Amino acid sequence: MNGFTGFVLRRTVGAAITLLAISVIVYVVFYATPGNVAQITCGPRCSPEQVHQVARQLNLDDPLFVRYGHFLQGLVAGQDYSTGTSVQQCSAPCLGLSYQSDQQVTQLIWAKLPVSLSLVAGAMVLWLILGVGTGVLSAWRRGRFSERVLTGLTLAGTATPVFVIGLVLMIVVCGELRLLPFPQYVALTDDPEQWAWNLLLPWLSLALIEAAAFARLTRASMLETLAEDHIRTFRAYGVGERSIVGRHALRGAFAPVIALNANNVGSAIGGAVLTETLFGLPGIGQELVHAVKVVDLPVVVGMVLVIGFFVVLANAVADVLYAVADRRVVLT
């Protein structure tokens with residue numbers, strides 16, 4: 001238990017250092033880029049005096065490292081911001097104020113995050129079931145006609161853009177067959193049943209694309225595991241093929257699936273922009289695109305950091321699951 005606890009602590013410290021490095025890189029990249037942020041924020045009709053006043057309100061005259069120090073201070077202890085006529089208190093973790101609306105970035109993220117989490121959580125369940133199931137069946141039926149069909153479907157899923165699948169599903173399911181209404185996000189706390197029905201098509205659109213990658217990876221891992229010596233030993237002792245595949249081969253082939261799922265979950269929090277845009281879901285990805293268009297740097301930086309947090313968190317959880325599945329990982 002001491003070894004496992006030490007392993008978790010090392011991964012936690014490593015994740016914290018990674019997040020700090022991400023914050024430095026993201027802040028420097030966005031705030032050190034060419035362009036007059038005060039002019040963009042104030043608008044094209046502002047006079048030089050007004051632009052200078054906006055720059056002072058946003059503390060843009062301070063050196064970059066000073067502004068980054070204030071940014072870290074806001075994350076830990078909160079910060080007070082002057083909006084011209086009043087002072088707005090931003091409690092920790094404070095990611096700043098939006099240049100466009102003077103709204104706290106943290107509040108914007110909390111408003112959009114449940115939508116993205118709902119989309120990714122449901123899609124993750126579907127892509128694991130479809131992807132792993134297809135990969136296992138394809139490896140088990142290797143060389144047969146069914147394996148060729150599954151391989152062809154997997155390649156088609158990999159090559160098809162998510163917006164094509166989404167459009168086809170909406171046209172067929174919602175338009176022609178009228179099995180489901182056109183998606184309109186409903187909060188889980190308001191109506192769980194409508195929440196699930198309205199997210200079913202977005203879940204399928206995102207899951208079918210990701211499931212193709214899981215199917216290919218699971219098939220390759222299963223074939224590699226089925227060729228190992230201990231699997232031959234099980235067969236020599238007369239162990240059934242289903243037992244070999246389900247109890248032994250699948251467990252050995254699941255490690256790469258854990259790693260891929262960690263990367264997909266973290267990146268999909270903010271990377272499902274096309275899915276959110278296509279189905280009109282007001283999630284983080286759609287808000288990030290809008291913030292980039294209007295050059296709202298605090299919102300961009302805050303959302304990129306949140307996405308980075310979920311990527312690091314997902315990979316840290318994957319490392320712990322590795323250790324649970326194979327205790328030898330604790331020693332590394």
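The values are calculated or read from the model by the stated rules, or taken from the named source; none is laboratory data. What you are looking at is a predicted structure, and each value in this text was computed from that prediction instead of being measured. Cβ coordinates were reconstructed from backbone atoms using ideal geometry, including for glycine residues, and neighbour counts include every protein chain displayed. For accessibility, only protein heavy atoms count, side chains too; no ligands or nucleic acids. Shrake-Rupley method; radii C 1.70, N 1.55, O 1.52, S 1.80 Å.
Quick check on this structure: which one of LEU117, LEU97, LEU128 is of a type in the set (A, V, I, L, M), in contact (Cβ under 8 Å) with a residue 24 or more places away in the chain, surrounded by 13 or more Cβ atoms within 10 Å (Cβ to Cβ) and not assigned by the TED database to the domain that holds PRO298? Spell out how you get there, then give the answer.
Working: LEU117 fails: not assigned by the TED database to the domain that holds PRO298; LEU128 fails: not assigned by the TED database to the domain that holds PRO298.
Exactly one residue qualifies, and that residue is LEU97.
Filter segment 163-194 down to residues that are open to solvent by less than 50 Å² (accessible area, probe 1.4 Å) and part of a helix (DSSP H, G or I), then give me how many there are.
7
Of the residues ARG148, ARG142, which single one is at pLDDT below 85, in a loop (DSSP other than H, G, I, E, B) and open to solvent by 50 Å² or more (accessible area, probe 1.4 Å)? Write out each step before concluding.
Numbers: ARG148 fails: in a loop (DSSP other than H, G, I, E, B).
The match here is ARG142.
How about segment 263-280: which of its residues are part of a helix (DSSP H, G or I) and over 16 Å from ALA212 (Cα atoms)?
If the condition is that a residue be part of a helix (DSSP H, G or I) and over 16 Å from ALA212 (Cα atoms), then GLY266, SER267, ILE269, GLY270, GLY271, VAL273, LEU274, THR275, GLU276, THR277, LEU278, PHE279 are the ones that fit.
Between LEU281, LEU331, which is at pLDDT 80 or above and either open to solvent by less than 50 Å² (accessible area, probe 1.4 Å) or not charged (D, E, K, R) (or both)?
Numbers: LEU331 fails: at pLDDT 80 or above.
Going through LEU281, LEU331 in turn, the sole match is LEU281.
Output the number of the condition that GLY266 fails; it satisfies all remaining conditions of (1) modelled with pLDDT under 85; (2) open to solvent by 60 Å² or more (accessible area, probe 1.4 Å); (3) of a type outside the set (A, V, I, L, M, F, W, C).
(2)
Confirm whether ALA213 is in a helix (DSSP H, G or I), touching a residue at least 60 places away in the same chain (Cβ under 8 Å) and open to solvent by 20 Å² or more (accessible area, probe 1.4 Å).
So ALA213 fits the description; yes.
Just to be sure I understand, how many residues within segment 223-253 are open to solvent by less than 40 Å² (accessible area, probe 1.4 Å) and in contact with an Asp or Glu (Cβ under 8 Å, 6 or more places away or on another chain)?
The number of residues fulfilling the criteria is 1.
If you check ALA220 against the conditions, is it of a type in the set (A, V, I, L, M, F, W, C), touching a Phe, Trp or Tyr at 6+ places or on another chain (Cβ under 7 Å), in a helix (DSSP H, G or I) and open to solvent by 30 Å² or more (accessible area, probe 1.4 Å)?
no
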